[in-house]
Structures are given as C-alpha cells and as structure tokens.
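Chemist: My questions will all concern the structure given below.
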Amino acid sequence: MARTPSNMLALGTKAPDFKLVDTVTDTPHALEQLKGERGTVIMFICNHCPFVIHVNPEITRMATEYQSKGIGFIAISSNDIVNYPQDAPHLMKKKAQEEGYSFPYLFDETQEVAKAYDAACTPDFYLFDSNIKLVYRGQLDDSRPGNGIPLTGYDLRNALDSLLKGEAIDENQKPSIGCNIKWATT
C-alpha cells in the first residue's frame, strides 16, 4: 500500500467551486447546492483504496450523525478510470449503495477539482465553515489498516464539534495518509 500524505491546503482558503455529476443520481451538482448550512466536509475517496475501505464505516456513521446538525458531506473520486477501471462511475454508484452513503459521491473526470483542492491522497478530508472557508484538513483519526487503533473519527469529529460550538479549531492538524490519487497521464 502506498502511504501518501495530504498536501495540507492553507487554512482560511475558500472552497474552490465545482459542478460534478453525482454517480448515484446521475445529476450534476454545484458546491453551492450541496454545502451545509453550518459547515461542509469534502472527502476525496475512491472505491478500491484500502485506506478508504478501512474508514468507510466511520464516514458513513459520521455523515448520518452530523448532517442533521447542518453539516453537508460530499465525496469526490478523482482517480483515472482508464488505468483504474474499478473506480468508474457505475462502480462508484454500486459502492455508495453498498456502504449506505447518505451523501453524494461525485466523479471528477477531468481531475480539475482535485487539483483545485490540492488533494493528494484517498482519503483526504477538508472541513469548511458556513462561509466555505477551510478550518480543518487532514486525517479522520490515527487508525490505519492493520495498525490496531480503533476507528473513531476523533480528529475530524473534534473539528466538527468545535465548529458547531463556535470554538476555535486547533490549527495543529495531522495530514491524512492514504493511496495517492491516480492521476491521468497525458
């Protein structure tokens, strides 16, 4: 397994806008339509990465819990599907249904959205406030496939709870670790 860290986009960065197709509904959505009233989590994930497979149960639980509190959740896959056909949109839809995603799973075919967010790995997590300014980026928690640490979502949950309480979010944030985004070769 590759172990690629997040690039750690600068805190305070405004979320780059996008319009991508939700693979479950086959409907295009813009960030403005999907963002939450109180904040938005944007996750770069994919179908086949063992790091994403490991965190899927927690991101599904977390989304269910925090969506009712005004937090929007958006998942994006930017992997090259020519060389990684297991990440194709029809299989993204199947994965979303199998995992019970309560959030859109968008396909970034041109990889321009991943580049705009300076995304590097899957999973890569970003939390934006109600003004879509970046307040957290990095890991879900310290759990990784095979390391024996329980999957809790500790780091992202702390950031979400602080945001919802109007408290400062600790700027000492650990990068996520995962598989590198599979960039298309030109």
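The values are calculated or read from the model by the stated rules, or taken from the named source; none is laboratory data. If you're wondering where the values come from, they're calculated on a predicted model, not measured in any experiment. Neighbour counts are summed over all protein chains in view; Cβ atoms, including those assigned to glycine, are modelled from backbone coordinates with ideal geometry.
Chemist: Which numbered condition trips up Lys182, out of (1) outside any loop (DSSP other than H, G, I, E, B); (2) in contact (Cβ under 8 Å) with a residue 40 or more places away in the chain; (3) under 16 Å from the mean Cα position of the chain (by Cα)?
Modeler: Result: Lys182 passes all but (1).
Chemist: Working only within the range 1-22, note down all residues that are surrounded by 12 or more Cβ atoms within 10 Å (Cβ to Cβ) and of a type in the set (Lys, Arg).
Modeler: Lys19
Chemist: Now for a separate question. Anything in the range 137-169 that is in contact with a strand residue (DSSP E or B) (Cβ under 9 Å, 6 or more places away or on another chain) and not hydrophobic (A, V, I, L, M, F, W, C)? List them, or say none.
Modeler: Of everything in the range 137-169, those that are in contact with a strand residue (DSSP E or B) (Cβ under 9 Å, 6 or more places away or on another chain) and not hydrophobic (A, V, I, L, M, F, W, C) turn out to be Arg137, Gly138, Gln139, Arg144, Asp155, Asn158, Ser162.
Chemist: Taking the condition in contact (Cβ under 8 Å) with a residue 60 or more places away in the chain, of a type in the set (Gly, Ala, Ser) and closer than 11 Å to Leu106 by Cα, does Ser6 pass?
Modeler: no
Chemist: Filter the range 33-82 down to the residues that are over 21 Å from Phe107 (Cβ atoms) and without any contact (Cβ under 8 Å) to a residue 24 or more places away in the chain and list them by number.
Modeler: Result: Glu65, Ser68.
Chemist: Only one of (1) under 17 Å from Ala119 (Cα atoms); (2) modelled with pLDDT under 95 fails for Ile42. Which number is that?
Modeler: Against the list (1) under 17 Å from Ala119 (Cα atoms); (2) modelled with pLDDT under 95, Ile42 comes up short only on (2).
Chemist: Could you please let me know if His54 is over 24 Å from Asp161 (Cβ atoms) and buried (at least 16 other Cβ atoms within 10 Å of the Cβ)?
Modeler: No; evaluated as a whole, the condition is false for this residue.
Chemist: Just for the range 162-175: of the residues that are charged (D, E, K, R), closer than 17 Å to Leu11 by Cα and modelled with pLDDT of 95 or more, which one is nearest to the chain's Cα centre (by Cα)?
Modeler: If we take residues in the range 162-175 being charged (D, E, K, R), closer than 17 Å to Leu11 by Cα and modelled with pLDDT of 95 or more, then Lys174 is nearest to the chain's Cα centre (by Cα).
Chemist: So, one more: If we only count helices (runs of 4 or more DSSP H) wholly inside the range 64-177, which ones have 1 or more residues that are within 19 Å of His29 (Cβ to Cβ) and among the small types (Gly, Ala, Ser)?
Modeler: Correct list: 89-99, 112-116.
Chemist: Listed residues Ala114, Ala159; which is under 15 Å from the mean Cα position of the chain (by Cα), under 16 Å from Ile74 (Cα atoms), surrounded by 17 or more Cβ atoms within 10 Å (Cβ to Cβ) and touching a residue at least 24 places away in the same chain (Cβ under 8 Å)?
Modeler: After ruling out the rest, the residue left standing is Ala114.
Chemist: Could you list, in sequence order, the residues of the range 23-45 that are more than 14 Å from the chain's Cα centre (by Cα) and either of a type in the set (S, T, N, Q) or crowded, with 21+ Cβ neighbours inside 10 Å (or both)?
Modeler: Passing the criteria: Thr23, Thr25, Thr27, Gln33.
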